[in-house]
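**Student:** Here it is, the structure, as structure tokens.
The values are calculated or read from the model by the stated rules, or taken from the named source; none is laboratory data. What you are looking at is a predicted structure, and each value in this text was computed from that prediction instead of being measured. Please note: Cβ atoms are built from the backbone with ideal geometry, for glycine as well, and neighbour counts cover all protein chains shown.
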Amino acid sequence: MTARPALVPGAPRLASVLRAREAGTAALVLVVFGAATLRDHNFADVNSIQQLLVGASLIALLGVGETLVIVTRNYDLSVGSVLGLCAFVVGDLFRHQHIPVWSGFVIAIALGAAIGAINGLITTVARVPSLVVTLAMLYIIRGVDAKLVNGHIVLPSQVPSAFAAVGYRNILGIPWLAIIVAVVVAAVGYAMRTFRPCRDLYAIGSNPEAATLAGIPSGRRVFMAFVTSGALAGLGGALFLALFAQVDNSAGVGYELNVIAAVVVGGVAIFGGSGTVVGAALGALLLNTIQQALVAVRSSSYWSEAIAGALLLAAIAFDRWLSLRVARGLRSAKGAHRDLSVADRGSPT
Amino acid sequence: MSSEIAPPAPGQQAPPHVPAGDAGSRPPLWRRALRWETGLVVVLVAALVFGSSESATFASQTTVFYAGINIGYIAIMALPMTLIVVTGEIDLSVASMLGLSGAVLGDLWHHGWPIGPAILVALVAGAAGGALNGILVTKVGLPSIAVTIGTLTLFRGVAEILLGSQTIPTSSDRPFPTWLTNIGVVPVPGTELSYTTVIFIALAIACGVVLHATPLGRAMFAAGLQSEAARFAGIRVARMKFWLYVFSGVICAFAGILLAAQNSSVSYNAGFGLELNVVAIVLLGGVSIFGGRGTIPGVVLSVAIVGSLQMALTQMNIDPNVQQIVIGGLLLVSVILPGLGRGARWLGSRPGSLRSGHKPPWARSVRHRL
């Protein structure tokens, strides 16, 4: 939990309600973790916790980019296929061109950002709904990926060991993968709270017309959100390659809806204007913890998907209730400055 | 067929207005000739010509039969999806509903039920799942895209609980009755069409008549264009949307049974990920993702295009995954072309007149009254 900018004094109840959202997600993670540990003591093993973090990290990373896009009332359905394409392209370069290890990350991020730029350009210049654009891009990228792979899967022996080490090495017991994702979450989370262009994203998602009238260059901001989402999906591709050291054309298939689910569970409003990247990352961690806990407790994962779905419905219903409450609170509040402060925080009212 | 509906184009987000009813305000002939469907017909003809020139076996009845087998059950799900998108909502749970109904059928069959009651229960499960979507969207007032992503996961999860990793019928089960599994093998007597094709055509005619020739259909367009205005005009928007979700659930459950019959087996992951294919078909058919625009003939043409391209590319031994480039490219071009036209008009007019941040209706949360 990061500290949040203080709301106007006099609205402490509202502030606590808003603040509770990520804390609630984090608490749920702990509850699930605790319950699973009670049933199976091995669940609190270092190994098991490492698995929890690693398993959540890719979805959390993609969730960071997706949050930026969803906050502006757009959608990026192409993240899963961008991840798959970048993972394969980097793996292919490793085996045929023997590029240096560090450049694998650079190339993956650059390729992802380029695809994100295409998404962003089409969405903002041609003014086409982003859901349609990124859905079409999902298919195109998948097709390109399949054509590139064409049966020649990247195998573990073809990935440089220094690169694959990123996928399994730890520092003080914490997996590198989790550290990288945590750094990204912290950096983007800080930026989203602090920097004006990032705050603009909330303004655009809260009320696009008002944002434009306030002089916010909406198109440019939305474009940057898509580029960031693409770049992070690209980075996710590099990390996927490091983690599994094996890539075929099914890498990342179906991730897009998992990512959106994690983001929504983490408290990002699907209609834009509110939510944090920390919440999104916690949402990914919660879904993964539930899944692993079910495996540990029931020694079967059959229930995990149904529970994830029910949880997702509960999360959006809760957010709806929360926003209705906040709206009521705003209406009854006397000072106009209060409205401003909360509108800036992006409550979907 | 009401001709005063403006030419639909995906992403064409002209300021929502209810089309004028009087014949005096009809657009000029060239505008009417430029309908979305005209473009689709051209693409379809091109696809057919391309297919028959590249593959000797393309222009045959076998192709038509197998196109029906391959795409029929997806196309059937596209029809209720069209109606739902026209009313300004979306249903992403369709493919999971298909999987769930198959799982219900398989589970009951596994436990010794006769096929008839098992099918009936599977259809009821579809209605129940659709009702859940409908209640969450219309009664609780949640955005339909979030709700149906949730039920997408939920329905698939329930299917997984029911069947686990087994495929029904297992080796110790009775096989499905032959009259049912024949759906995937023999055409409808007297024709060369698969059962799914015939069912799709019948359903498409029914949906087309309802959407384009009844007050209910007009109400769907009205709800998609301006939900509030439609409600004030006396249309029970929430109730209509609720029943559309139920309809979608039943139809998708039915598609699940058809798929089970075609494959002679069910597993929990049948049709995994097809929801986005269904959405792509509907959007390519010219239905606006913002609601209020779209035609059933357009969606039927879109199904025909996707089906014939798939068959042509398959007969040319092109990897099915690579075929996605063609489908995705078509979808992209179909939204960019009208978008660029708008952009050009926009350059000539003043900035700021565009609805840059129009919130799609399925992302809105409005508390309706049932």
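**Student:** Please enumerate the residues belonging to region A:139-167 that are more than 14 Å from chain B (Cβ to nearest Cβ) and free of Cβ contacts under 8 Å to residues at least 60 places away in the same chain.
**Tutor:** So in region A:139-167, the residues more than 14 Å from chain B (Cβ to nearest Cβ) come out as A:154-167.
Across region A:139-167, the qualifying residues are A:Ser157, A:Ser161.
**Student:** Continuing with the same structure: Scan region A:108-142 for residues that are surrounded by fewer than 22 Cβ atoms within 10 Å (Cβ to Cβ) and either closer than 15 Å to A:Tyr255 by Cβ or touching a Lys or Arg at 6+ places or on another chain (Cβ under 6 Å) (or both) and jot them down.
**Tutor:** Residues satisfying the conditions do not exist here.
**Student:** Restricting attention to region B:119-178, which residues are under 21 Å from B:Ile90 (Cβ atoms) and charged (D, E, K, R)?
**Tutor:** Result: B:Lys139, B:Arg156.
**Student:** Let me ask something else about it. Take region A:181-209 and flag every residue that is out of contact with any helix residue (DSSP H, G or I) (no Cβ under 7 Å at 6 or more places or on another chain) and not charged (D, E, K, R). Break it down into steps so the answer makes sense when it comes.
**Tutor:** Of all residues in region A:181-209, those out of contact with any helix residue (DSSP H, G or I) (no Cβ under 7 Å at 6 or more places or on another chain) come to A:182-183, A:186-187, A:190, A:193-196, A:199, A:207, A:209.
Residues satisfying the conditions are A:Ala182, A:Val183, A:Ala186, A:Ala187, A:Tyr190, A:Thr194, A:Phe195, A:Asn207.
**Student:** Can you confirm whether A:Gly219 is surrounded by 24 or more Cβ atoms within 10 Å (Cβ to Cβ) and either touching a residue at least 40 places away in the same chain (Cβ under 8 Å) or part of a loop (DSSP other than H, G, I, E, B) (or both)?
**Tutor:** Details: surrounded by 24 or more Cβ atoms within 10 Å (Cβ to Cβ): no; either touching a residue at least 40 places away in the same chain (Cβ under 8 Å) or part of a loop (DSSP other than H, G, I, E, B) (or both): yes.
When the stated conditions are applied, A:Gly219 does not pass them.
**Student:** Being among the basic types (Lys, Arg) and either closer than 20 Å to A:Val29 by Cα or more than 8 Å from chain B (Cβ to nearest Cβ) (or both) is the filter here, so list the residues in region A:279-333 that pass it.
**Tutor:** Our first condition is that a residue be among the basic types (Lys, Arg); within region A:279-333, this holds for A:298, A:320, A:325, A:328, A:331.
A:Arg298, A:Arg325, A:Arg328, A:Arg331 - these are the residues of region A:279-333 that are among the basic types (Lys, Arg) and either closer than 20 Å to A:Val29 by Cα or more than 8 Å from chain B (Cβ to nearest Cβ) (or both).
**Student:** May I ask you to list the residues in region A:1-23 that are in a helix (DSSP H, G or I) and modelled with pLDDT under 80? It would help to see each step written out before you state the result.
**Tutor:** The initial filter retains those residues of region A:1-23 that are in a helix (DSSP H, G or I), namely A:12-23.
Matches in region A:1-23: A:Pro12, A:Arg13, A:Leu14, A:Ala15, A:Ser16, A:Val17, A:Leu18, A:Arg19, A:Ala20, A:Arg21.
**Student:** Considering only region B:78-120, state which residues are touching a residue at least 40 places away in the same chain (Cβ under 8 Å) and either at positive phi or among the hydroxyl-bearing types (Ser, Thr, Tyr) (or both). It would help to see each step written out before you state the result.
**Tutor:** Quick first cut of region B:78-120, residues touching a residue at least 40 places away in the same chain (Cβ under 8 Å) only: B:78-107, B:109-110, B:115, B:119.
Selection gives B:Thr82, B:Thr87, B:Gly88, B:Ser93, B:Ser96, B:Ser101.
**Student:** Right, here's the next one. Criterion first (touching a Ser or Thr at 6+ places or on another chain (Cβ under 9 Å), within 12 Å of chain B (Cβ to nearest Cβ) and at pLDDT 90 or above) does A:Val263 satisfy it? Please lay out each step first, then the result.
**Tutor:** Values: touching a Ser or Thr at 6+ places or on another chain (Cβ under 9 Å): yes; within 12 Å of chain B (Cβ to nearest Cβ): yes; at pLDDT 90 or above: yes.
In short, yes.
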